[in-house]
Protein chains: 2
Amino acid sequence: MPHTKATHQQTKLLNRDLVLKMIFEHDEISRAEVARLTKLTRATVSDMVASLIGEGLVEEIGFGSSIGGKAPILLRLVADSRYLIGLNLGQDKFIGAVVNLRGEIKETIEMPVDGIDGEEALQLVYHILDQLTGKGWQPLVGIGIGTPGLVNTQEGVVVNAVNLDWRDLPLASLLEARYNLPVSILNDSQATAIGEFVYGRTLSSDGSLIVITARHGIGAGILISGRLFQGDGGGAGEIGHVVVQENGSLCRCGKHGCLETLASASAVVRRARALAGDYPGSSLAASSSAITLDTVRQAWDAQDPLAEQVVLDSARYLGASLAGLISVLNIHRIVITGDMECFGKRWLQAVGESMTAHALARMAQETILEFGTLNFKACILGASAYMLLESYSLLFLNPAE
Amino acid sequence: MPHTKATHQQTKLLNRDLVLKMIFEHDEISRAEVARLTKLTRATVSDMVASLIGEGLVEEIGFGSSIGGKAPILLRLVADSRYLIGLNLGQDKFIGAVVNLRGEIKETIEMPVDGIDGEEALQLVYHILDQLTGKGWQPLVGIGIGTPGLVNTQEGVVVNAVNLDWRDLPLASLLEARYNLPVSILNDSQATAIGEFVYGRTLSSDGSLIVITARHGIGAGILISGRLFQGDGGGAGEIGHVVVQENGSLCRCGKHGCLETLASASAVVRRARALAGDYPGSSLAASSSAITLDTVRQAWDAQDPLAEQVVLDSARYLGASLAGLISVLNIHRIVITGDMECFGKRWLQAVGESMTAHALARMAQETILEFGTLNFKACILGASAYMLLESYSLLFLNPAE
C-alpha cells in the first residue's frame, strides 16, 4: 500500500519507467507486446516509446515475425546510449570499469591495494575514478561502488569497513561533489547479488534470488521480488560471522568458529596448511607453507585426502548455513559465486547434500543451487546497476520533460 | 516499481485506502493531520472522509486541542462497524472468534481436537464457523484461518498439515462457498506474527518485525515493511526443523536434532523427563512421568538444576538460531511468544546472550528481543487481520461507489 499520494505526473513517470523496463528486460520487443505486458493502452505505449527514441535510449530494429496481421516493428534498448561506472573495492585490488546498459564492460582499470587503507585508500578510489570519468564515455549517468563492510546505502555512508579502516565515511557525497554524478554505495556481497540478478539472467526480473559470495569472506546478497533486501540496519545477508562451530578457530571478527573460518577460500587454505601434518600421504604435505587455493584445488581434483577433508568440511558447514537461510527465506534459487567456485560441481553437490540434511526435506528439494555466471565482474556490474534496479530515472537526461 | 499501470480509478481507491489506513493507525486524528501524513490535499481528504463516514467506518468524536487556530474535529475508526472471524487450528483445540476492527474479541468458541483429523477436522472447522457466523455480528466481512503446516496463501490451500492429515486441501474455496465471505488461510506462526504486528502495537505500521512462536513447535513469522513475507514457497520462517545438533533426538519431521527437539515447550518437558534420572537432587526427579511444563517452570523459578539445564539449553539453541535469523534479515525487532514465555525474563535474557555470542556484535546489539503482548490471541487476531494488512478494500461494502 503506498504511503504518499499518486499524482498524474508521477503516473506518467511510472508508466515511462515501466515501458523502459520492459524494453530493458527483452532483447527485442514490439510495442504491442509492451502494451500487453504492462496493460497500458497502445496509445500510451506509443507516446512513451516515441519519447524514449527521442532520448536515444530505444531504437527500432526492423520487423519481427507476424502472427497473421502486419509484421510488428521491434524495439531494442540502445546499449551504448548511456554509461555507468562500477567499482569493486576488493581485498587485493580495486577494479573499476565503465559499463554500458547491457552490462558490457567498455574499459577497466585495476590497481593493487598493497595494504593501504584510510585516506590513502580513498585517494586510490579517486585515482581510478578520475581516469574512468576522463575517458570520454558519454553520457555517463552514475557511479556505483561495491565495498566490503557495513554500508548505509540510503545515506551513501560506509559505516564500517575494517580492512580499509573506514568508519562512517560519507563516500557517496564525497564522490558526488567531485564528479557531479549520482553515486550509490553497496556492500560487495549485495552488489554481487545484483550483478548476478540483472546480468546473470538467472531468472525473471520480478523474482527472488540469494547470491552467496564465498571468497576471502562469506556473505549473501538477497533480492526479494526484484529489489535488494538490506534489512533495518543494511546488514542483511551477513552470514559469514554466524558461529557454526563452538570453540572453533579465531575469526577476524574476534569470535571463534564463524562460518568464514571454515568455508571461505582463505579458510580452506589456512586449514589445509594447519592440518598438513596430519596427512603425511597428502600431496600437499611436503611444503605446507606453499599451499595455495590453486594447489588445494589440484589436490581436490586428484581426491587427495587432506584436500577432501578441508574442502568437504567447507561444503558441510556452508550447506548447514544454507539450510538456515532457506528456512528463513524460502527463496527457491541460490547462486554461489567467488573463489570457491574452483572446486566445481562435486563441491556444489556436497554443499547441496549438507543443506538437504539440515533442512526440511520439502524446502531443500524445491531449492536450486547453482554457480554464478559472471565471477568477479558480478560486483562491478551490480554496483553500477543498483540505481537502475531502483528506478530507471537516472537514464532520463532531462527529467523535467 | 509497479508492473501494471495506475489508472484514475485505482488512484482514487488507493487514496481512500490511504486515508482509512491513517485513521486505522491512530486512536484519533484530525483531517488536517491525515492530509499532512498522506500528502493528499485537504479537499481530497475531506471527500474521502465524508465517504468513510457515509459507510459507517469513521465517526467524528469532538474537538481536539488547538495549536493557535480553530480546534480541529477529531476522527475515529468505528471499531464495531465491521466484524471479522479468526480461527486458530491449535494442537489441542480449535479456537474461533468474532473480532471487531480494533482487535477486540466479541465472541469465542473453543472445541477440543481430541486427535481427530482429515474430514472430521474439517467438519469441526465448519461446526465452529456455523456457530460464529450465526450469532448476528453484522456486517461480517471476512474469515481468516491460522493452521499448522505449509500453506499456499495465494491459492488458499493447505498444502500439508501433518497433525490434521490435510494435503492440498482447498480450504479457502470450501469456506468461501459455504459462507459467501472472503477467506484467507495462513500458517499459524505467520498469523501470530501479523497479530502481534497489527494489534500488539510494537512498532509503526511500515516497520519490519520477526515473531517467534515457541509452543508445541517453533516457527517464525516475518513482516517486512508492513507486509507478511512468505518466500517463494510460502514457508518462510520454518526455522523449527533446521538441524542444530548433529545426531540429536529424533524429531517428528524424521530428522534428528532439529531446533524443535531442543527449544520447543514440548521438547523442554520431554528432555526434563528423559534427564530426570541424572539429577537425583532435582525436585522433578521423584516422578519423572508427572513432569509438565508447569512443574518445570516452578522448578526453574526455584533454580532447580534439572530445570536449569533443560531451560538454559532451550535458550542457548534458540539464541543460536536467532543469530542466524538476524544475520540473514537484520531486522531489529524480535518478539517471542507462545508457551515458552512462562520462563520469563531470565530465560529471555539467556536467549539474548546466546544470540549475541553467535552473531556479529553489532548486529546483536541493534536487535531488541521482547515477549509478545497477546499470547494465544495473536494467532486468531492475525488470521482475521491478514486481509486488512493486504488492503482495506474488504471494508468497503459497496466498492463500486
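Numbers for the structure displayed
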item	result
Coil-residue trypsin sites (Lys or Arg not before Pro) of the range B:251-294, DSSP, other Cβ within 10 Å capped at 16	B:Arg252
Packing-based ranking, highest mean first, of B:373-380, B:359-366, A:55-62 given that Cβ atoms within 10 Å are counted	B:373-380, B:359-366, A:55-62
Residues with amide H under 5 Å from that of B:Arg333, placed H, sequence gap 5 or more	B:Ile210, B:Ile368
Amide hydrogen neighbours beyond the local backbone of B:Phe371, cut-off 5 Å, H modeled	B:Ile336
Alpha-carbon centroids, the range A:119-150 and the range A:239-263: separation in whole Å	33 Å
For A:Ser30, distant residues with modelled amide H under 5 Å away	A:Leu75
Heavy-atom surface of the range B:54-165, accessible at 1.4 Å and reported per residue (Å²)	43 Å²
Relative packing of peptides B:333-343, A:20-30 - highest average C-beta neighbours within 10 Å first	B:333-343, A:20-30
Antiparallel DSSP beta bridges within the range B:204-372, percent to nearest 5	60 percent
Inter-copy separations for A:Gly54, label at 7 Å along Cα-Cβ, nm, ascending	4.0
Calculated label separations, B:Leu14, copies of the chain, 7 Å along the beta-carbon direction, nm	0.2
Buried solvent-accessible surface, both chains (A, B), 1.4 Å probe, Å² to nearest 100	4600 Å²
Other protein chain Cβ atoms within 10 Å, averaged over every residue that makes up A:361-370	3
Long pairs among A:Lys106/A:Lys135; B:Lys106/B:Lys377; A:Lys21/A:Lys70; A:Lys255/B:Lys345; A:Lys12/A:Lys106; A:Lys255/B:Lys255, criterion Cα-Cα beyond 22 Å	A:Lys21/A:Lys70; A:Lys255/B:Lys345; A:Lys12/A:Lys106; A:Lys255/B:Lys255
Degrees separating the helix A:42-54 axis from the principal Cα axis of chain A, which is the longest one	70 degrees
Kirkwood Rh in Å, taken over all unlike Cα pairs in the range A:79-189	13.9 Å
Inter-copy spacing of A:Gln245 label points, which lie 7 Å from Cα along Cα→Cβ, given in nm from shortest upward	2.2
Descending principal axes extents, chain A, alpha-carbon based, whole Å	74, 51, 40
Spherically averaged projected area in nm², based on the convex hull that wraps the Cα atoms of the range A:203-372	10.0 nm²
Surface share of carbon and sulfur [accessible, 1.4 angstrom probe, percent] for chain B	50 percent
Averaged over B:242-253, number of beta-carbon atoms from partner chains that fall within 10 Å	3
Rh by Kirkwood over Cα pairs, then Stokes-Einstein D for the range A:310-401 at 1.567 mPa s and 4 °C, µm²/s	86 µm²/s
3J(HN,Hα) from dihedral phi, the range A:259-272, Karplus parametrisation 6.51/-1.76/1.60, rounded to Hz, x for glycine, proline	3, 4, 6, 10, 10, 7, 4, 4, 5, 4, 5, 4, 5, 4
Whole-Hz couplings from phi, Karplus 6.51/-1.76/1.60, listed for the range A:297-311; x for Gly and Pro	4, 4, 5, 4, 5, 8, 6, 5, x, 5, 4, 4, 5, 5, 6
Antiparallel bridges, percent of DSSP beta bridges restricted to chain A (to nearest 5)	65 percent
√(5λ) per eigenvalue of the Cα gyration tensor, the range B:136-215, largest first, Å	23, 19, 10
Percent antiparallel among DSSP beta bridges (both partners in the protein assembly as shown, rounded to 5)	65 percent
Residue-normalised accessible area of the range A:203-372, expressed per residue, 1.4 Å probe, Å²	36 Å²
Fraction of alpha-carbon pairs over 52 Å apart in the protein assembly as shown - percent	18 percent
Per-selection Kirkwood Rh - the range B:1-84 (Cα, Å, 1 d.p.)	13.6 Å
For B:319-326, mean number of other protein chain Cβ atoms within 10 Å	5
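The values are calculated or read from the model by the stated rules, or taken from the named source; none is laboratory data. Every value quoted in this text rests on a predicted model; they were computed, and no experiment measured them. Neighbour counts run over all protein chains shown; Cβ positions are idealised from the backbone, glycine included. Side chains included, ligands, DNA and RNA excluded: accessible areas come from the protein's heavy atoms. Shrake-Rupley method; radii C 1.70, N 1.55, O 1.52, S 1.80 Å.
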